[in-house]
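Some notes on the structure that comes next.
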Amino acid sequence: MSESAAADPGSRNAKSLPGIDYETFLSCVHCGLCTASCPTYKETLDENDSPRGRIYLMRAVADQRVSLTQAIQHHLELCLDCRACETACPSGVEYGKLIEPFRNRQFEVPRDFFHRQILWKLFPDARRLERALIPARWASRLGMMWLIRATGLWKLLPAKWGRMVTLLPPLRAVPPLPGRLPAEGTRRATVALFVGCVANAMFRHVHWATARVLQANGCDVVIPPDQACCGAIDFHSGRDEPARDLADRNLAALDRSDVDAIVVNVAGCGAMMKEYGQHWPDDRQPARVAFASKVRDVHEFLDELGWEAELGELAIRATYHDACHLAHAQGIRDAPRRLLEQIPGLRLVPLDESDTCCGAAGTYNLVQTEMADRLAARKLRNILRTGARTVVSANAGCTLQILRESRLQGTRLDVVHPMELLDRSIAAASR
Ligand code: SF4
Ligand code: SF4
């Protein structure tokens, strides 16, 4: 330890805070330019619920000026990890590199039934989740899910179960994707499609649409069957090792020499996979860095590749919601809009606060329910003002959250992935 570090209690302690570079605290100049972009600050107007306030709190704990009290923990738990503050910050403060390791390593890992059996065991396992959804699928077909939601019966269930029931989308029976789908016309690229866990169990039709769009644009699509959950659920709830093991399973399954890119259509998974090289400094890190460099969000990939497929007319007024993990974590805003604006007849109307979090934020809407509901209501108000009844979202969690809010408020919205609209437009061109 250097003399100056030894003389500085903050700096000395920071070295013992695993995963946090103390310099990142120092890069915040307390200007406050991030606060207006922070969804939780916009709701509470409490500086402790702002990025600047949270950085201050974490640094105070690191410096041992305060201990990690329940009140401080609450302000840090209320953070959505949406990274809107990173987009807004002119000093380039990498807030995610503070809040994620801080919460993962300073907070006690929860051990309740919900975390052990649902979040960590059920959600990351697509096959298990699909089996667990069979009763819900039948209930949905018989109209019982509608009845449970419409009559408010879900409120009689234990809180988290009730929320999960209201979050369920219409569950369609969609066959699994095969191991390989060939390019249409001349092959321009070969990609591995990441299908994940919750998305594969609930939104497999989006994976099919994505694969068809890629094929129509000259891509061979391989779908390795032994791929796993991206690890975000475990990582964001403080379980480093299971998250690392899932990452390494994905390296083994998806990092093939014959693929040009690993394509992801769920913003949260894509953001996690692009960061595989940052989280676990062991001898596998170089392989994870190389893997991460091949990960592409599907919009980013198609935008770079150049669109080729013929598009037919879709007479739709739609609005686009920026998923936080696409806009803020991956910096992708224009590519999805550019792709959608090619569709003849589609009118894309701007959405106020399009990049303000809808409150989904991974599993946030199951654990921080009050703030999640406030942000969902705010998002729906903005959507309804556009006059559009088709909402385009490139993240499964946002889709679930916006659908839930619209159903609870009695409004009818079609919430779709950009790939679904592009797939429909390609189909329309061939009719
Ligand atoms: S995080 Fe950035 S924008 Fe926010 S107070 Fe610090 S320096 Fe300013
Ligand atoms: S990550 Fe989002 S919720 Fe958290 S401080 Fe930044 S802007 Fe606010």
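Structure notes:
- Residue match in region 19-27 (condition: within 23 Å of residue 373 (Cβ to Cβ), within 14 Å of ligand 2 (Cβ to nearest atom) and crowded, with 18+ Cβ neighbours inside 10 Å): no
- Search result, residues across region 71-80 that are part of a loop (DSSP other than H, G, I, E, B) and surrounded by fewer than 22 Cβ atoms within 10 Å (Cβ to Cβ): 78
- The single residue among 90, 135, 101, 158 that is assigned by TED's automatic domain parsing to the domain that holds residue 56 and surrounded by fewer than 14 Cβ atoms within 10 Å (Cβ to Cβ) turns out to be 90.
- Residue in region 352-371 that is farthest from residue 119 (Cα to Cα), counting only those that are of a type in the set (Gly, Ala, Ser) and touching a residue at least 60 places away in the same chain (Cβ under 8 Å): 359
To keep it simple, each residue is scored yes or no on (1) under 26 Å from the mean Cα position of the chain (by Cα); (2) at pLDDT 95 or above.
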| position | (1), (2) |
| --- | --- |
| 6 | no, no |
| 11 | no, no |
| 15 | no, no |
| 22 | no, no |
| 29 | no, yes |
| 35 | yes, yes |
| 49 | yes, yes |
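- Where a residue in region 44-70 is of a type in the set (Asp, Glu) and outside any helix (DSSP H, G or I) and its partner, wherever it lies, is at pLDDT 95 or above and within 16 Å of ligand 1 (Cβ to nearest atom), with Cβ under 6 Å and at least six apart: none
- Some residue of region 300-319 being among the charged types (D, E, K, R) and closer than 30 Å to residue 75 by Cα: no
- Residue in region 115-132 that is farthest from ligand 1 (Cβ to nearest atom), counting only those that are touching a residue at least 12 places away in the same chain (Cβ under 8 Å) and either out of contact with any helix residue (DSSP H, G or I) (no Cβ under 8 Å at 6 or more places or on another chain) or assigned by TED's automatic domain parsing to the domain that holds residue 58 (or both): 125
- Residue selection: residue 125 fails the criterion of being away from ligand 2 (no atom under 16 Å from the Cβ) and under 30 Å from residue 62 (Cβ atoms).
- For the residues 182, 225, the requirement of being out of contact with any Phe, Trp or Tyr (no Cβ under 7 Å at 6 or more places or on another chain), without any contact (Cβ under 8 Å) to a residue 40 or more places away in the chain and farther than 16 Å from residue 291 by Cα singles out 182.
- Segments classed as helices (runs of 4 or more DSSP H), wholly inside region 294-401, with at least 3 members that are closer than 29 Å to residue 261 by Cβ: 298-305, 324-327, 334-341
- Qualifying positions in region 109-132 - out of contact with any Ser or Thr (no Cβ under 9 Å at 6 or more places or on another chain) and outside any helix (DSSP H, G or I): 111, 112, 124, 125
- Among (1) among the small types (Gly, Ala, Ser); (2) more than 27 Å from residue 201 (Cβ to Cβ); (3) modelled with pLDDT under 95, the one test that residue 331 misses: (3)
- Unique match (being touching a helix residue (DSSP H, G or I) at 6+ places or on another chain (Cβ under 8 Å), of a type in the set (Lys, Arg) and within 30 Å of residue 252 (Cα to Cα)) among 188, 180, 149: 188
- Qualifying position, being outside the structural domain of residue 416 (by TED's automatic domain parsing), part of a helix (DSSP H, G or I) and surrounded by fewer than 20 Cβ atoms within 10 Å (Cβ to Cβ), among 243, 253, 247: 253
- Scan of region 74-91 for residues that are within 6 Å of ligand 1 (Cβ to nearest atom) and β-branched (Val, Ile, Thr), ordered by number: none
The values are calculated or read from the model by the stated rules, or taken from the named source; none is laboratory data. What you see is a predicted model, and the numbers here were worked out from it, not measured in a lab. With ideal geometry, Cβ positions are generated from the backbone for all residues, glycine too; neighbour counts draw on all protein chains shown.
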